[in-house]
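This report refers to the structure that appears directly beneath it.
Rule-based calculations on the coordinates, nothing more; no lab input. Keep in mind it's a predicted model, so treat the numbers as computed, not measured. Quick reminder, even Gly has a Cβ in these numbers, built from the backbone with ideal geometry, and neighbours come from all protein chains shown.
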Amino acid sequence: MAELKEARVPDIGGHGDVPVIELLVKPGDSVGKDQGLVTLESDKATMEVPSPFAGVIKELKVKLGDNVSEGGLVAIIEVAADAAAPTAAPAAVAAPTPAPPKPAVVAAPAAVAVVESGAPVPARAPVAEPGQPGIPPMRFEADAVLPAKVPYASPAVRLYARELGVDLLQVSGRGRNGRISREDVQHHVKAVMSGAPQGLAPAVAAAGGLSLLPWPKVDFAKFGAIESKPLSRIQKISGANLARNWAMIPHVTQFDEADITALEELRVSFNNENAKAIAAGKGSKLTMLAFLIKACVAVLQKYPTFNASLDGDNLVLKQYVHIGFAADTPNGLVVPVLRDADQKGVAQIAREMGELAALARDGKLKPEQMQGGCFTISSLGGIGGTKFTPIINAPEVAILGVSKSEMKPVWNGEKFKPRLMLPLSLSYDHRVIDGAAAARFTTYLGQLLADLRRAML
């Protein structure tokens, strides 16, 4: 005759109110002894509640999200009469004569993670029998249970993956804290069958390896009046590029200031001297950006790592210097490229910049006029702001942001003097450039801007 028995939460290491994150069975399922019923997740690990006996699940007493503790009721199991019959008790052992207590040999925890890589797994330590000398504990192989080497998945998912021949180390988990689910294994198999990179589901592979939540869908009209305006073509193209660059490049930004007091005086003096020629179209007005480009050329030549691009495992060092500059147009941001800036003077740089900026505003830039850049400068000095974090223009490895200059009191060793200070924001690819190199870059750039005669040395 069948008998109904309770399956309860065993000793789970003193954890209380542990959430149920996975139901491994449902009413009507047949289960074997020690088969997992539900999966729990503590702060440090996941664990399954095993069935204490074989039978049929009559009722589950927990649901997803419930919190349980040791002794909590998990399921009611119908057990066959022969399986429910108690086994014979072992023969009684005469109590030994009391003796001084000896250190006890403690059994290792029964629940041990299964390692997919085939590394040895610690087994239950043997317990010393009465009258026998204590057995030393078995050696603990730390490498076998290091989180970096053990995929974050429940035993049921591990079994499922083994049945399909899937290496869980190649599967990207999309659950909380990167936990791998049965669906993740299925997506991995589909990705492999479709030719996508192993370890990534098709949607994840398309996102460059990022497992992102879907973009939220909101009916904005129910909150008030709205107007829908399509993005411009430039916004669509630049937006996709900027999102990729920000997500895939490890950005770090170095902030600094440069004293441009003397340089600004030179710029204003030159423009005043050539005002008539500039007005007649026979000359170009010098801008601070033209001086910045000339100074950056000298810095790039001194620190060639900034004039480079990553190509797989290789760093391509360029023997030419093409400088891109961000141009604000009615249709959005574009980046014309000034070619061979190292072979041109400030006046020629200013003239060609003006021509490229005019083409950009009119939407007449050719594709080749926006290609081949080595380094980009984004100047917001004519608008305002103190500093910002520019996004690197891949495949370049750095970009310089320039904000509005400001008069500040600067200590010269004897007294404070008013100086025109230019804020600099250098964002760099940390895979190629370290912080010390970035600090040297902005420091040297500041020295050149303070006295551009250094660029001739």
Filtered hits (lysines, Cα-Cα < 20 Å from Lys387, offset >= 8 within chain) -> Lys404, Lys408
Output for region 254-311: trypsin sites (Lys or Arg not before Pro) sitting in coil per DSSP, at most 13 other Cβ within 10 Å, listed by number, reads Lys282
Ala81 and Ala54 label points (each 7 Å along its Cα→Cβ direction) are spaced in nm at 1.8
One finds the C-alpha centres of region 378-435 and region 295-334 to be spaced, in Å, by 17
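Considering only Cα-Cα distances, which of the following residue pairs are longer than 31 Å: Lys318/Lys364; Lys344/Lys364; Lys217/Lys366?
Violating the 31 Å limit, Cα to Cα: Lys217/Lys366.
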Restricting to lysines and to Cα separations under 21 Å from Lys5, and discarding same-chain partners fewer than 8 apart, the set is Lys26, Lys33, Lys58, Lys61, Lys63
Cα extents of region 235-456 per principal axis, largest first, Å, are 48, 46, 32
Interchain or sequence-distant (5+) residues whose placed amide H lies within less than 5 Å of the amide H of Val334 are Ala327, Thr329
Expected sort for 427-437, 410-420 on mean C-beta neighbours within 10 Å, highest first, is 427-437, 410-420
